[in-house]
Amino acid sequence: MSKKTKMPEFFINAFYESKFKDNFFVIKAGGKIIEDEGALENLLSNIRDLTLQGIRVLLIYGGGHAMDEEAEKCGVKVNKIGGKRVTNAANMEIARHVLGGDLSLSVSAMMAKIKLDGLSFNCVPPSWMRVVLKPKTEGDDFAGAVEDVYARPINRLFRSVNFVACTCLAQTGDGVTCNINADTIATEIAIGTQAHKLIFLSDVDGVKIGGRTAEIITAEQIDGYIADGTATGGMQVKLENCKAALDAGVRRIHLLSGLRQDALKKEIYEPVGPGTMLFKDSERQSYENEVQAHKLIAG
C-alpha cells in the first residue's frame, strides 16, 4: 500500500474499536457549550459516535452563564470567591431551576433529536458519591464537597448503558441538594473509577504557552508552569486538578474548546488533536507509538 493510499473504512473502524472498546471516558463540559444549541448538538453527536465504538461516556456539566443570567432576571445577587459561586438559598433555587430543569431538559431533548441512547439525570445519583456540605462561609450555605466516590454502582450502571449525562448538582446523605464545581465532580469520579480519559471542554483551546496551544504537557511540568506564571487563575486550578488525577492513576487528560466543530472527535481520533493532552512522563513512549499507529491508519 502506498503512502498516499488511505486504508479502507472497515479497517479504520476495526482499529479504533479494538483500541477503545469498553474504555470509560469522563467528560466535563462548561455551561457555554451546553447552553449553545449548536455546540450541544455537536458535542452529543461526537459522543454518540464514541459510544458506537464501544466507549462508555459520562458527561458532567455546569451552567454558570445561564445561572448568572437567570439570577439577574430574578434580581438575585451573585457573589463569587476565587471564581467559584457562593451558593446561598436564593442562588440554590436558581441552580435548581437552571441546572436541574432547563439545561437538563435541553440535554434530554438533544439526545432524542440525534438518537443518542443513554440516560440524563438532573443530579449526580446519590449512590455514586458521599457528599457533605462545606463549612458555611460568607453565605455559602449550599456548596458541596465530595468525600468519596463509589465506583461499584457507577460501573454497574455502565454495564447496561454507554452514556450518562449529569448536572453538577448532588445530594448529601440527609437529602440536602447542593451545588458542586463540575470540574471537581468530573475529576473525583475519574479518579474513583480509574477512567481511561478525563476530558475538560471549555471555551478555550487547551493551555497557552508562549501564545500557542501546547499539544502535550506532562504531570511533571505542571508545577513549573504554575510557578513561572504560565498558568494562573482558573487554568491553574484546572491544572492542579489534572495533576491530582494523573498522580491518582488517570492515564490521559485532554483540555480543549467544546465550541470548535468536532473538537472531541478530532482529539480522540487524530494523531495530534486541537487541544492539550496531559499525561505522566512515563506515558510518553506509549503516546509516541500511538501517534505513529494513527498516522499509518489515516494513510
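The values are calculated or read from the model by the stated rules, or taken from the named source; none is laboratory data. Here the structure is a predicted model, which means the values were calculated and not measured. For neighbour counting, all protein chains shown are included, and Cβ atoms are generated from backbone atoms with ideal geometry for every residue, glycine included. For accessibility, only protein heavy atoms count, side chains too; no ligands or nucleic acids. Shrake-Rupley method; radii C 1.70, N 1.55, O 1.52, S 1.80 Å.
List of remarks:
Results for (1) farther than 30 Å from residue 101 by Cβ; (2) modelled with pLDDT under 95; (3) out of contact with any helix residue (DSSP H, G or I) (no Cβ under 9 Å at 6 or more places or on another chain), shown as yes or no for each residue.
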residue: 10; (1), (2), (3): yes, yes, yes
residue: 15; (1), (2), (3): yes, yes, no
residue: 24; (1), (2), (3): no, no, no
residue: 27; (1), (2), (3): no, no, no
residue: 31; (1), (2), (3): no, yes, no
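- Residue within the stretch 177-185 that is surrounded by fewer than 23 Cβ atoms within 10 Å (Cβ to Cβ) and touching a Ser or Thr at 6+ places or on another chain (Cβ under 6 Å) present: no
- Whenever a residue of the stretch 118-140 is closer than 28 Å to residue 54 by Cβ, its partners that are of a type in the set (Gly, Ala, Ser), lying with C-beta atoms within less than 6 angstrom and at least six residues away or across chains, give the pairs 120/108; 120/165; 122/100; 122/104; 123/170; 124/170.
- Scanning the stretch 124-142 for residues that are open to solvent by 20 Å² or more (accessible area, probe 1.4 Å), touching a Cys at 6+ places or on another chain (Cβ under 9 Å) and under 23 Å from residue 56 (Cα atoms) turns up at least one hit.
- Options 117, 148: the member that is surrounded by fewer than 17 Cβ atoms within 10 Å (Cβ to Cβ), assigned to a loop (DSSP other than H, G, I, E, B), in contact with a helix residue (DSSP H, G or I) (Cβ under 8 Å, 6 or more places away or on another chain) and not aliphatic (A, V, I, L, M): 117
- Filtered by the rule that a residue be modelled with pLDDT under 85 and part of a loop (DSSP other than H, G, I, E, B), the stretch 67-86 gives 79, 82, 83, 86.
- Every residue from the stretch 90-114 that is open to solvent by 60 Å² or more (accessible area, probe 1.4 Å) and touching a Gly at 6+ places or on another chain (Cβ under 9 Å): 102
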